[in-house]
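The values are calculated or read from the model by the stated rules, or taken from the named source; none is laboratory data. Predicted, not measured: the structure shown is a model, and the values here were computed from it. Cβ coordinates were reconstructed from backbone atoms using ideal geometry, including for glycine residues, and neighbour counts include every protein chain displayed.
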Amino acid sequence: MNHAGIRYIVTGSIAAIFYGEPRLTHDVDFVVYLNEKDVDHLSKIFPVSEFYVPPPETIIPELPKTKPAGFNIIHMDSGFKADMYPTGRDEFNAWAFRRKRAMQFEGETVPLAPPEYVIVRKLEYYREGGSEKHIRDIRSMLAVSGDQIDRSELNEWIQRQGVQEQWQKVQSERS
């Protein structure tokens with residue numbers, strides 16, 4: 001996506017691994033700024049002979065929404081999946097793009113979501129699905145990269161996103 005000029009940040013488990021400890025994951029999560037032209041380019045970036053990409057008529061109607069539905073791009077041979085989350089008009093996504101971090105990977109600069117964003121999103125995912133892996137990822141991030149986390153920004157977004165109860169669980173189990 002770097003070469004196509006599509007703006008994105010890597011988040012989810014891959015970002016948690018970068019800020020925390022290694023673990024197995026089956027996908028990579030991207031938050032992407034997409035317009036209709038970008039959607040049309042996805043099939044050039046990810047050729048249909050190698051990847052499943054949803055048709056543009058499925059993706060395009062979601063783009064202007066405040067919280068658009070995400071979609072998957074799947075590598076046919078390996079089954080590896082990229083979860084794509086269009087930014088929509090979500091203020092938290094915009095905040096994360098302004099505070100992204102650069103990571104070097106195989107000669108490319110990869111934009112990484114800031115740790116505060118990753119933590120808050122993982123708290124949301126925990127609230128929605130109850131998977132303990134999100135709590136483990138957060139604890140790992142706090143242990144390894146705690147000094148890189150802006151606690152005032154983190155607390156502000158915890159309040160704004162309404163995940164105080166989930167954050168209390170993380171805090172109580174760390175004590």
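With (1) aliphatic (A, V, I, L, M); (2) closer than 25 Å to ASP137 by Cβ; (3) touching a Pro at 6+ places or on another chain (Cβ under 9 Å) as the list, and LEU34 as the residue in question, which single condition is left unmet?
(2)
I need a count of the residues in the stretch 138-160 that are among the aliphatic types (A, V, I, L, M), surrounded by 13 or more Cβ atoms within 10 Å (Cβ to Cβ) and farther than 24 Å from ALA94 by Cα.
Result for the stretch 138-160: 1.
Could you give every pair whose Cβ atoms fall below 7 Å, whose first residue belongs to the stretch 15-44 and is part of a helix (DSSP H, G or I), and whose second residue is of a type in the set (D, E, K, R), counting only separations of at least 6 or pairs across chains?
Every condition considered, the pairs that remain are ALA16/LYS122; ALA16/ASP137; ILE17/ARG23.
Going by the conditions given, is VAL163 surrounded by 17 or more Cβ atoms within 10 Å (Cβ to Cβ) and either closer than 19 Å to LYS67 by Cβ or in contact (Cβ under 8 Å) with a residue 60 or more places away in the chain (or both)?
Judged against the criteria, VAL163 is a match.
Look at the stretch 18-31 and say how many of its residues are crowded, with 19+ Cβ neighbours inside 10 Å and among the β-branched types (Val, Ile, Thr).
Matching residues across the stretch 18-31 total 1.
Would you mind listing the strands (runs of 3 or more DSSP E) fully within the stretch 46-129 where at least 1 residues are closer than 25 Å to TRP167 by Cα?
Counting at least 1 such residues, we get 81-86, 101-105, 108-112.
Yes/no matrix, rows are residues, columns are (1) surrounded by 24 or more Cβ atoms within 10 Å (Cβ to Cβ); (2) over 16 Å from TRP157 (Cα atoms):
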{"residue": "PRO86", "(1), (2)": "yes, yes"}
{"residue": "ALA96", "(1), (2)": "yes, no"}
{"residue": "LYS100", "(1), (2)": "no, no"}
{"residue": "GLN104", "(1), (2)": "no, yes"}
{"residue": "THR109", "(1), (2)": "no, yes"}
{"residue": "PRO115", "(1), (2)": "yes, no"}
{"residue": "ARG136", "(1), (2)": "no, yes"}
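Give the residues of the stretch 2-51 that are in contact with a Leu (Cβ under 7 Å, 6 or more places away or on another chain) and among the small types (Gly, Ala, Ser), sorted by residue number.
ALA15
From the list ALA16, ALA69, ALA102, ALA96, which residue is under 22 Å from SER145 (Cα atoms) and in contact with an Asp or Glu (Cβ under 8 Å, 6 or more places away or on another chain)?
ALA16
Condition first: of a type in the set (A, V, I, L, M), outside any helix (DSSP H, G or I) and modelled with pLDDT under 95. Can you find one or more residues in the stretch 159-169 that meet it?
No, every residue in the stretch 159-169 fails to be of a type in the set (A, V, I, L, M), outside any helix (DSSP H, G or I) and modelled with pLDDT under 95.
For the stretch 101-119, indicate whether the set of residues that are touching a strand residue (DSSP E or B) at 6+ places or on another chain (Cβ under 7 Å), within 13 Å of ARG7 (Cβ to Cβ), touching a residue at least 24 places away in the same chain (Cβ under 8 Å) and not β-branched (Val, Ile, Thr) is non-empty.
Yes, there is a match, as at least one residue in the stretch 101-119 is touching a strand residue (DSSP E or B) at 6+ places or on another chain (Cβ under 7 Å), within 13 Å of ARG7 (Cβ to Cβ), touching a residue at least 24 places away in the same chain (Cβ under 8 Å) and not β-branched (Val, Ile, Thr).
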